[in-house]
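Written out below as structure tokens is the structure these notes cover.
The values are calculated or read from the model by the stated rules, or taken from the named source; none is laboratory data. Please read these numbers as outputs of a predicted model, since none were measured by experiment. Every residue, glycine as well, gets a Cβ built from its backbone with ideal geometry; the counts of neighbours run over all protein chains shown. To get the accessible areas, we keep the full protein, side chains included, count just its heavy atoms, and leave off ligands, DNA and RNA. Shrake-Rupley method; radii C 1.70, N 1.55, O 1.52, S 1.80 Å.
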Amino acid sequence: MIAQVVISLAARALDAPFSYEVPQDLIADIAIGDAAIVELGGKKVLGFIVALRESADVLDVDFELKPLLAHISGPYFTNQSYELAIWIAHYYAAPLSEALKLFLPTGLMSRLKKALANYSNTGEAKMPVRRPRKSSEHHDVASDRDPHLRPGKLTLGQEKALAAVCDTKKGKPLVLEGVTGSGKTEVYLQAIEAARKSGKSAIMLVPEISLTPQTVGRIRSRFGDDVAVLHSGLSDGERYTQWEKVRTGECGVVVGARSALFAPVVNLGLVIIDEEHDGSYKQNNSPRYHAREVAEKLCTLTGACLVLGSATPSLEALHAAETGRYELVKLPERVNGQPLPQVEIVDLRREFGEGHKSMFSRKLLGALRKVQSREKKAILLLNRRGFANFVLCRECGYVPGCEACSVSLTYHAPQNHLRCHQCNCIQPVPAQCPSCNSPYLRQFGGGVQRVEQEFREHFPDWPLVRMDADTTSTRGAHAALLEEFSNNRTGVLLGTQMVAKGHDFPDVTLVGVINADVTLNLPDFRASERGYQLLEQVAGRAGRADLTGEVIIQTYNPENSACRAVKAHDSEILMSNERIMRKAFGYPPYAALCNIVISGIDELKVKKFSERLTEALRASKNLRTMKATLMGPAPCMLSRKARSYRYHIMIKAGPGAQIGSAVQEVLKGLSKTADIKVAVDVNPTDTF
């Protein structure tokens with residue numbers, strides 16, 4: 001018997017399996033998906049069996065095959081998983097072994113490496129014994145079914161959406177565009193129930209599971225022990241237990257963040273991506289996949305139905321619906337019949353011109369006082385951490401910056417230190433300017449810490465819960481803060497974009513956006529779309545029950561199309577402009593895009609390799625066939641990060657062009673030193 005083995009080394013040169021002869025004493029034990037130990041280049045290495053053959057093929061007979069040395073354990077994936085891994089590796093220009101590792105349970109690789117070391121030392125391939133851990137008490141591990149929670153009565157719009165989901169004959173992904181509070185979750189739940197009744201399994205992805213405890217709670221209450229939850233908040237042992245329940249068919253419903261897409265489900269029938277527009281569905285390390293794209297390929301392979309739900313669908317999803325590749329179903333009204341909240345735009349230029357320099361406009365202060373007097377709740381958004389954006393010397397203009405990254409340091413008030421939001425390094429606040437010795441150092445800009453300080457000056461006795469990366473760094477902190485806000489009779493939830501994601505608090509009557517320009521003015525072609533999505537999503541947190549909602553958005557640019565779209569609750573005000581701009585400049589969804597980032601400690605080496613790579617890309621026959629356009633090399637917007645200099649090359653081609661596979665072929669033929677790193681990002685969500 002011949003085993004085809006993918007070597008577990010992150011090298012593009014090893015993107016195809018190697019053939020090994022299976023010893024007679026192992027034939028009865030091995031299967032596709034198993035981990036094994038083989039020899040490569042005189043070294044013992046880990047590998048995964050992806051195919052088994054009864055005899056050697058033509059390519060194998062010309063030389064003597066090496067034997068499979070040892071069988072460790074498995075199986076961890078199937079033929080179908082391997083097929084999807086090959087697609088991921090080629091499409092996203094990633095090593096095959098990295099794509100395959102997506103399907104492995106968390107923590108497995110460390111155990112396999114210990115087994116390899118044990119084999120090298122003793123000749124025995126034994127996996128380390130997994131020690132049982134005490135079960136976590138985290139919010140989303142509980143599995144009790146609530147017998148009182150029954151499927152709700154659907155509106156006509158929900159019934160239409162559910163019928164479209166369950167119509168498997170169409171074979172198209174479905175975009176479910178429903179305004180906030182329109183009952184998309186109930187459609188998801190009944191679609192999952194229909195899939196389970198037909199003997200199929202279901203996967204539901206949520207952007208960040210720690211920020212959506214209410215959604216997860218509803219699924220667990222409806223389906224009880226049939227649900228497995230997979231996310232980074234669990235220990236490796238807990239995640240492995242959940243993974244194993246899915247693999248054996250004990251659980252037929254999987255809920256989790258993007259990695260849950262690779263769960264070993266049995267007989268997949270339905271994949272739901274909630275809030276499909278969210279940026280967290282894009283992985284930021286290799287393989288840099290997007291869950292929406294991988295889910296579409298997975299559903300093609302399995303015949304499962306794909307549902308993409310959002311109140312603010314991405315332009316990519318809308319374009320796919322416009323061109324007939326996806327089907328679009330809308331839920332334009334809230335289930336309780338309440339109107340969407342009234343949105344008022346406050347011009348901060350006028351506020352400043354009239355002598356009002358507070359972070360809270362007079363309109364927002366008045367609205368907050370009304371909420372306080374009525375003992376209701378409010379949500380405040382400012383998508384920026386810290387107290388001040390930067391510190392500046394008023395005499396010479398010096399701004400303290402990170403020594404390892406090309407960014408200014410952010411001032412954090414409670415700790416009284418400067419922090420880099422790229423590499424997380426911390427520096428003390430200088431007593432005087434390091435450049436001119438002036439004592440006049442001033443804080444400029446404002447983050448949520450500064451908002452909190454000013455809020456407490458206006459409302460010293462009103463409960464406030466702050467939720468950002470600094471207050472949620474410990475395990476379970478998200479759930480604890482949301483529970484605190486929920487349990488307060490009245491109060492305010494202040495935070496970054498975390499406060500906009502999927503929360504359903506019926507007593508929230510006011511949403512205030514401190515400064516919309518923070519998100520809208522980022523130097524990225526998706527800034528306006530993302531800004532609109534964030535503003536519309538947070539606006540939807542107000543007035544979700546019987547109480548009328550009010551939204552106040554503060555901005556220095558009230559004419560911005562994103563602000564006007566939120567005010568009218570009409571995405572076309574923004575999207576019509578976005579379509580024109582992206583067509584004109586060749587950006588997705590009207591073009592395929594690839595951003596290649598080259599980094600290293602030595603800037604000259606990075607620059608020279610970037611130039612070599614650019615020339616090789618220009619000479620690529622595949623890229624010329626695609627009529628691809630190359631831009632660069634040039635320093636990245638963030639030109640230095642964690643002491644590494646960064647250059648990038650941008651490639652544009654026609655829609656659907658397989659840029660990744662063409663780039664991968666070029667990189668295989670280009671030698672580089674170990675101190676140069678190359679990151680290929682196909683269809684990037686940002687170009688920083």
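For segment 340-352, how many residues are open to solvent by less than 70 Å² (accessible area, probe 1.4 Å), of a type outside the set (A, V, I, L, M) and assigned to a helix (DSSP H, G or I)?
Residues flagged as open to solvent by less than 70 Å² (accessible area, probe 1.4 Å), of a type outside the set (A, V, I, L, M) and assigned to a helix (DSSP H, G or I) within segment 340-352 amount to 1.
Residue under question is HIS478, and the condition is that it be in contact with a helix residue (DSSP H, G or I) (Cβ under 6 Å, 6 or more places away or on another chain), surrounded by 21 or more Cβ atoms within 10 Å (Cβ to Cβ) and either modelled with pLDDT under 90 or closer than 24 Å to ILE209 by Cα (or both); does it hold?
In short, yes.
Could you list, in sequence order, all residues of segment 305-339 that are in contact with a His (Cβ under 8 Å, 6 or more places away or on another chain) and either among the β-branched types (Val, Ile, Thr) or assigned to a helix (DSSP H, G or I) (or both)?
THR312, ALA317, listed by residue number.
Restricting attention to segment 208-255, report how many residues are closer than 24 Å to PHE485 by Cα, of a type outside the set (A, V, I, L, M) and under 23 Å from the mean Cα position of the chain (by Cα).
Counting residues in segment 208-255 that are closer than 24 Å to PHE485 by Cα, of a type outside the set (A, V, I, L, M) and under 23 Å from the mean Cα position of the chain (by Cα) gives 12.
Is it true that PRO460 is part of a loop (DSSP other than H, G, I, E, B) and over 30 Å from ARG544 (Cα atoms)?
It is false that PRO460 is part of a loop (DSSP other than H, G, I, E, B) and over 30 Å from ARG544 (Cα atoms).
Looking only at residues in segment 12-25 that are under 19 Å from LEU116 (Cα atoms) and in a loop (DSSP other than H, G, I, E, B), which one is least open to solvent (accessible area, probe 1.4 Å)?
VAL22
Name the single residue, out of those in segment 233-248 being hydroxyl-bearing (Ser, Thr, Tyr) and free of Cβ contacts under 8 Å to residues at least 60 places away in the same chain, that is farthest from PHE77 (Cα to Cα).
Ranking the qualifying residues of segment 233-248, first place goes to THR241.
Could you check segment 497-528 and list, in sequence order, the residues that are open to solvent by less than 10 Å² (accessible area, probe 1.4 Å) and touching a residue at least 60 places away in the same chain (Cβ under 8 Å)?
Matches in segment 497-528: VAL499, ALA500, HIS503, VAL508, LEU510, VAL511, GLY512, VAL513, ILE514.
Being in contact with a strand residue (DSSP E or B) (Cβ under 7 Å, 6 or more places away or on another chain), among the aliphatic types (A, V, I, L, M), surrounded by 20 or more Cβ atoms within 10 Å (Cβ to Cβ) and more than 22 Å from TYR587 (Cα to Cα) is true for just one of VAL682, VAL678. Which residue is that?
Only one candidate qualifies: VAL678.
Scan segment 310-326 and give yes if some residue there is buried (at least 22 other Cβ atoms within 10 Å of the Cβ), touching a Lys or Arg at 6+ places or on another chain (Cβ under 9 Å) and β-branched (Val, Ile, Thr), otherwise no.
Looking for residues that are buried (at least 22 other Cβ atoms within 10 Å of the Cβ), touching a Lys or Arg at 6+ places or on another chain (Cβ under 9 Å) and β-branched (Val, Ile, Thr), one finds none in segment 310-326, hence no.
Determine whether segment 283-294 contains at least one residue that is under 25 Å from the mean Cα position of the chain (by Cα), within 20 Å of LYS170 (Cα to Cα) and buried (at least 20 other Cβ atoms within 10 Å of the Cβ).
Scanning segment 283-294, I find at least one residue that is under 25 Å from the mean Cα position of the chain (by Cα), within 20 Å of LYS170 (Cα to Cα) and buried (at least 20 other Cβ atoms within 10 Å of the Cβ), so the answer is yes.
Taking segment 418-457 only, how many residues are open to solvent by 90 Å² or more (accessible area, probe 1.4 Å) and assigned to a helix (DSSP H, G or I)?
Of the residues in that region, 3 qualify.
Taking the stated definitions as given, is ALA562 in contact with a helix residue (DSSP H, G or I) (Cβ under 7 Å, 6 or more places away or on another chain), among the aliphatic types (A, V, I, L, M) and either part of a helix (DSSP H, G or I) or open to solvent by 30 Å² or more (accessible area, probe 1.4 Å) (or both)?
So ALA562 fits the description; yes.
Please pick out the residue among ASN622, ASN557, ASN577 that is in contact with a Cys (Cβ under 9 Å, 6 or more places away or on another chain), free of Cβ contacts under 8 Å to residues at least 60 places away in the same chain and open to solvent by 10 Å² or more (accessible area, probe 1.4 Å).
Only one candidate passes the filter, namely ASN557.
Among the residues of segment 1-29, write down those that are of a type outside the set (A, V, I, L, M, F, W, C) and over 15 Å from GLY41 (Cα atoms).
GLN4, ARG12, ASP15, GLU21, PRO23, GLN24, ASP25, ASP29
For (1) modelled with pLDDT under 95; (2) in contact with a Ser or Thr (Cβ under 9 Å, 6 or more places away or on another chain), each residue gets a yes or a no:
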| position | (1), (2) |
| --- | --- |
| GLU208 | yes, yes |
| THR215 | yes, yes |
| GLY224 | yes, yes |
| VAL229 | yes, yes |
| ASP236 | yes, yes |
| GLU244 | yes, no |
| VAL254 | no, yes |
| ARG258 | yes, yes |
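For segment 26-47, how many residues are of a type outside the set (Val, Ile, Thr), open to solvent by less than 50 Å² (accessible area, probe 1.4 Å) and part of a strand (DSSP E or B)?
5
Is it the case that ALA584 is of a type in the set (Gly, Ala, Ser) and open to solvent by 30 Å² or more (accessible area, probe 1.4 Å)?
Against the criterion (of a type in the set (Gly, Ala, Ser) and open to solvent by 30 Å² or more (accessible area, probe 1.4 Å)), ALA584 qualifies.
How many residues, within segment 387-403, are over 12 Å from VAL429 (Cα atoms), open to solvent by less than 60 Å² (accessible area, probe 1.4 Å) and out of contact with any Cys (no Cβ under 8 Å at 6 or more places or on another chain)?
Qualifying residue count, segment 387-403: 4.
Tell me which of these LYS567 doesn't satisfy, since it passes every other one: (1) part of a helix (DSSP H, G or I); (2) over 21 Å from VAL346 (Cβ atoms).
It is condition (2) that LYS567 fails.
Look at segment 433-455 and say how many of its residues are among the small types (Gly, Ala, Ser) and under 39 Å from the mean Cα position of the chain (by Cα).
3
Out of the residues in segment 529-548 that are open to solvent by less than 10 Å² (accessible area, probe 1.4 Å) and among the small types (Gly, Ala, Ser), which is farthest from PRO339 (Cα to Cα)?
By that ranking, first place goes to GLY531.
Which residue pairs have Cβ atoms closer than 8 Å, lie 6 or more positions apart in sequence or on different chains, and pair a first residue in segment 140-168 that is modelled with pLDDT under 60 with a second residue that is open to solvent by 100 Å² or more (accessible area, probe 1.4 Å)?
Correct list of pairs: SER143/ASP225; ARG145/ASP225.
For every residue, the table says whether it meets (1) assigned to a helix (DSSP H, G or I); (2) surrounded by fewer than 22 Cβ atoms within 10 Å (Cβ to Cβ); (3) free of Cβ contacts under 8 Å to residues at least 60 places away in the same chain; (4) in contact with a helix residue (DSSP H, G or I) (Cβ under 7 Å, 6 or more places away or on another chain).
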| position | (1), (2), (3), (4) |
| --- | --- |
| VAL6 | no, no, no, yes |
| LEU65 | no, yes, no, no |
| THR106 | no, yes, no, yes |
| LEU116 | yes, yes, no, no |
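Residues LEU534, LEU522, LEU510: which one is under 30 Å from ILE573 (Cβ atoms) and in a strand (DSSP E or B)?
The match here is LEU510.
Among residues belonging to segment 626-675 that are touching a Cys at 6+ places or on another chain (Cβ under 6 Å) and more than 17 Å from GLU293 (Cβ to Cβ), point out the one that is least open to solvent (accessible area, probe 1.4 Å).
ILE651
Exactly one of these conditions fails for ARG222: (1) closer than 24 Å to PRO151 by Cα; (2) open to solvent by 10 Å² or more (accessible area, probe 1.4 Å); (3) without any contact (Cβ under 8 Å) to a residue 60 or more places away in the chain. Give me its number.
(3)
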